[in-house]
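Heads up: the structure comes next, in structure tokens.
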Amino acid sequence: MIVDLPDTTTSKVSKALVKIREEGGAVALGRVLTLVIATHLGQEEEAIEAANDASREHPMRVIVVSTEEDAPNAVDSRVDAQIRVGGDAGASEVIVLRAYGEAASDEEGLVTGLLLPDAPVVVWWPGLAPEVVSQSPLGRIATRRITDASAQPDPHEALRHLSKTYAPGDTDFSWTRLTLWRAQLAAVLDQPPFEQIESVEVAGAADSPSTVLLAAWLSLQLQVPVQHDLTSRANGSSGIHGVRMGRASGVIELEREIPNVARLSQPNQPTHDLSLPRRSLRDCLAEELRRLDPDDLYGEVITKGLDQLEAADKGVGTKA
């Protein structure tokens, strides 16, 4: 069910929610968190779809704050709201707030009266993120703050900026997309022979911030020089292309030459094809909502690991 509330207020939206629950039987009981999605007008639906899918694992209230990008001052100040419940909202209830003019300048005020009481608040910026997310109006009220460096105009510069402005509770989808890669690499190193890794090479697309974070994670965990090669492949593949780890007995290679499948090669062992798909927005969002405490490992990688990687780049002339 979808209810439209043109030119409305937060108070009227809250009353409409109560009325919907009383008349239609849709209840908000069991919601575990409030997810606030900050985006621009016309860019809401993909994020809402991902949130609806993730809500089947994490029942929640979704508040979408949609504002105009570079809105002119002459635009009349108003808020158009839409409430989605039932089949149009997955296992959540979705409140879409489209703010125009002066009303768009107070994002915190728009959502404060709609937050679930005594429940954690997670804020997600699927597109452009604020200069310092932890100090932004929405970031100040959030337990977790989710950005996506790959959605920024310069993904690698965005990573460096996130490193400088990191605060506990921050995370980025470029890190979440590494989960399957990290799991596979950790599983390989848990098997004999237990030899010291002597060298590491990571390759990926030129626009892949995840490739840089994977190199930073390996550099931090293995304490060896890591070369990372950011290039475009002839087959046009995006994201991470592969990892090579050298040790005394030979080279371990985990390469994804075709979408969703990676080939694992190890000395004295048969070659294996592994399922290693690129993760969807739904998968990334659902994973981030599983923990509401700060991701300390991400904090170490985005700050210490990235600095260590860049220092090594300057010292050994790594390609980037």
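Multiplying the sequence separation of residue 271 and residue 69 by 0.36 nm and subtracting their Cα-Cα distance, what value in nm do you get?
Gain on extension, residue 271 to residue 69, equals 67.7 nm.
Of all the accessible heavy-atom surface of the chain, with the other protein chains kept in place and a 1.4 Å probe, what percent is carbon and sulfur?
Its accessible area is 49 percent carbon and sulfur atoms.
Which whole-Hz ³J(HN,Hα) couplings does region 139-156 yield from phi under the Karplus relation 6.51 cos²θ - 1.76 cosθ + 1.60, θ = phi - 60°, glycine and proline marked x?
x, 5, 9, 9, 7, 10, 10, 10, 10, 9, 4, 5, 8, 8, x, 10, x, 6
Just one of (1) 21.3; (2) 20.2; (3) 26.4 is Kirkwood radius over Cα pairs in Å calculated from these coordinates, so which is it?
After the calculation, the listed value that fits is (1).
Going by alpha carbons, how many degrees (0 to 90, nearest 10) lie between the helix axis of 45-54 and the longest principal axis of the chain?
On a 0 to 90 degree scale, this one is about 80.
How far is it, in nm, from the label point at residue 195 to the one at residue 23 when both lie 7 Å from their Cα along the line to the Cβ?
7.2
Just order 173-182, 9-18 by mean Cβ neighbour count inside 10 Å, highest at the front, would you? Numbers along the way, then the final one.
Numbers: 173-182: 21.5, 9-18: 14.8.
Sorting 173-182, 9-18 by mean packing, highest first, produces 173-182, 9-18.
Under the rule of at least 5 residues apart or a separate chain, name every residue whose amide H is placed under 5 Å from the amide H of residue 172.
147
Calculated FRET efficiency, residue 248 and residue 32, Cβ-Cβ r, R0 51 Å, to nearest 0.05?
Details: r = 49 Å, r/R0 = 0.95.
Calculated value: 0.55.
Name the most mobile residue of 152, 43, 269, meaning the one with the largest mean-square fluctuation, in a Gaussian network model of the chain with Cα contacts below 10 Å.
Answer for the Gaussian network model of the chain: 269.
With θ set to phi - 60°, apply the Karplus curve 6.51 cos²θ - 1.76 cosθ + 1.60 along region 31-42 and write out the HN-Hα couplings as whole Hz, x wherever there is a Gly or Pro.
Ordered by residue, 3J(HN,Hα) equals 5, 9, 6, 10, 9, 9, 10, 9, 8, 10, 4, x Hz.
Using a 1.4 Å probe, what is the accessible area per residue for the chain, in Å²? Walk me through the numbers on the way to the answer.
Working: 14700 Å² over 320 residues.
Solvent-accessible surface per residue comes out at 46 Å².
Would you kindly derive the ³J(HN,Hα) couplings of region 189-196 from the backbone phi angles with the Karplus curve 6.51 cos²θ - 1.76 cosθ + 1.60 (θ = phi - 60°), listing them in order in whole Hz, with x for Gly and Pro?
Each residue of region 189-196 in turn: 6, 7, 9, x, x, 8, 9, 5 Hz.
Extending each Cα 7 Å along its Cβ direction at residue 258 and residue 206, get the distance between those two points in nm, one decimal.
2.7
Could you please report the charge total around residue 213, scoring K, R as +1 and D, E as -1 over all other residues with beta-carbon less than 11 angstrom from its beta-carbon? If you can, show how the numbers build up before the last one.
Working: positive: 177, 182; negative: 172.
So the environment of residue 213 carries a net charge of +1.
Quick check on the chain: helices-only [θ] at 222 nm, where DSSP H runs of length 4 and up contribute -39,500 (n - 2.57) each and the sum goes over total residues. Nearest 500, please.
After summing the helix terms and dividing by residue count, I get -8500 deg cm²/dmol.
Report the antiparallel proportion of the DSSP beta bridges in region 98-256 as a percent, rounded to a multiple of 5.
Numbers: 12 of 23 bridges.
Within region 98-256, antiparallel bridges account for around 50 percent of the total.
Which loop GluC sites (Glu not before Pro) in region 111-210, with loop taken from DSSP, have no more than 16 other Cβ atoms within 10 angstrom of their Cβ? Kindly include the intermediate steps, with their values, before the conclusion.
Numbers: sites: 131, 157, 195, 198, 201; in loops: 131, 195, 198.
Answer in residue order: 131, 195, 198.
Could you order the peptides 109-116, 305-312, 205-212, 258-265 from most to least packed, using the average number of other C-beta atoms within 10 Å per residue?
Top of the packing list down: 205-212, 305-312, 109-116, 258-265.
Would you mind getting me the FRET efficiency between residue 15 and residue 186? Use the beta-carbon distance for r and R0 = 35 Å, nearest 0.05.
Numbers: r = 51 Å, r/R0 = 1.46.
Given R0 = 35 Å and the Cβ-Cβ separation, E is 0.10.
Would you grab the residues whose amide H sits under 5 Å from the one on residue 278? Only those 5+ places off in sequence or on another chain, please, with H modelled 1.01 Å from N.
Placed amide hydrogens put 260 under 5 Å from residue 278.
The values are calculated or read from the model by the stated rules, or taken from the named source; none is laboratory data. This one's a predicted model, so the numbers in the text were calculated from it and none came from an experiment. So basically every Cβ, Gly included, is an ideal-geometry build from the backbone, and we count neighbours across all protein chains shown. The accessibility values were calculated without ligands, DNA or RNA, using every heavy atom of the protein model including side chains. Shrake-Rupley method; radii C 1.70, N 1.55, O 1.52, S 1.80 Å.
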